[in-house]
Amino acid sequence: ASYSECGCGVIGMSCRFPGGGEETDTFWKFLMGKGDAICDVPGRWQPAAYADADFDAPGKAYIQRGGFIAGIEGFDAQFFGISHSEASIMDPAQRLVLETSYSALLASGFNKASLLGSPVGVYVGANGGEFALTQGQRSTAADAGAHSATAGHSAILANRVSYVLGLQGPSMLLDTACSSSIVALDVACQSLQAGSSSLAVVVGVNVLMSPVTFITCCKARMLSPDGQCKVFDDGANGYVRAEGCGAVVLQALAARNSADGVLAAVKGSALVQDGRSANLTSPNGPSQEKVIAA
């Protein structure tokens, strides 16, 4: 396709991933070095209390390993104009989304001053709500405060970025389970093509905060007992849970004068629902073929 037909371009990126992937360059080096980011649960909960090799043990998980971000509690609240009291109770996913969004925008050549009041859209793909689950288990009515409603509300993942940076484009959370971030990318591209956003920040985020989700996935036999993904391999025996946050900044290529500064082009995207399959969580081959063709 010619340059003008390619749709949307990626003009900035940022990430926080397990295994030292603090930025895109270090993450790329980690991938090229075939690094392994899977480790034991790093103190989020007491894994021994929920571990049991017996697949059917009530309230237990047969695997207590995953991909975890180091130093997830770190956050420069003052830089973003957030009080310490509010930052201390915020969902860690909110902090990650805010940090990576701003870093991606900086990489695109923008800063706080140039962004204020601009029609930049924010589209966040996320699912799970584990922070809200843990807060609900720990909190009582006496713990409620002025920031309690926004500290863990999933919609605030996007709204926090728009508010802090003064962005006035569409701002939304998209939760379609495992496909959340790719759906967010599709919706952002549509917004750019329609002209409702001048730029779009697209973020995918996941944070592992609760042993309950590990237990649930183990009861469904979804997780690999040895803590390794072996995709398309005869020895595949489940997946491994991990957390992370990745952000890209998109711009309609028709709005640019040249390809300079464009890291990649999104030539097209499409959405489909699998419809009826073997069960609710199983893929539907023909439906997947349709969306690829579309």
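The values are calculated or read from the model by the stated rules, or taken from the named source; none is laboratory data. Bear in mind that the values here come from a model prediction, so they are computed numbers and not experimental data. Here Cβ is always computed from backbone atoms with ideal geometry, including for glycine, and neighbour counts include all displayed protein chains. Quick note on the areas: whole protein, heavy atoms, side chains included, nothing else; ligands and nucleic acids left out. Shrake-Rupley method; radii C 1.70, N 1.55, O 1.52, S 1.80 Å.
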Worksheet item: What's the number of the condition Gln190 fails, among (1) over 13 Å from Leu250 (Cβ atoms); (2) modelled with pLDDT under 95; (3) open to solvent by 50 Å² or more (accessible area, probe 1.4 Å)?
Response: (1)
Worksheet item: Any idea which residue in the range 238-294 is surrounded by the most Cβ atoms within 10 Å (Cβ to Cβ), counting only those that are in a loop (DSSP other than H, G, I, E, B) and among the acidic types (Asp, Glu)?
Response: Glu243
Response to the item:
Condition set buried (at least 19 other Cβ atoms within 10 Å of the Cβ) and part of a helix (DSSP H, G or I), scope the range 119-158, selection modelled with the lowest pLDDT: answer is Ala151
Item to complete: Go through (1) open to solvent by 50 Å² or more (accessible area, probe 1.4 Å); (2) touching a helix residue (DSSP H, G or I) at 6+ places or on another chain (Cβ under 9 Å); (3) modelled with pLDDT under 95 one by one and return the number of the condition Ser197 breaks.
Response: (1)
Item to complete: Would you point out which residue out of Leu106, Leu116 is open to solvent by 70 Å² or more (accessible area, probe 1.4 Å), of a type outside the set (Ser, Thr, Tyr), under 26 Å from Gln193 (Cβ atoms) and out of contact with any helix residue (DSSP H, G or I) (no Cβ under 9 Å at 6 or more places or on another chain)?
Response: Leu106
Discussion item. With the condition being open to solvent by 20 Å² or more (accessible area, probe 1.4 Å), I'd like the strands (runs of 3 or more DSSP E) fully within the range 1-91 carrying at least 2 qualifying residues.
Written reply: 8-16, 38-40
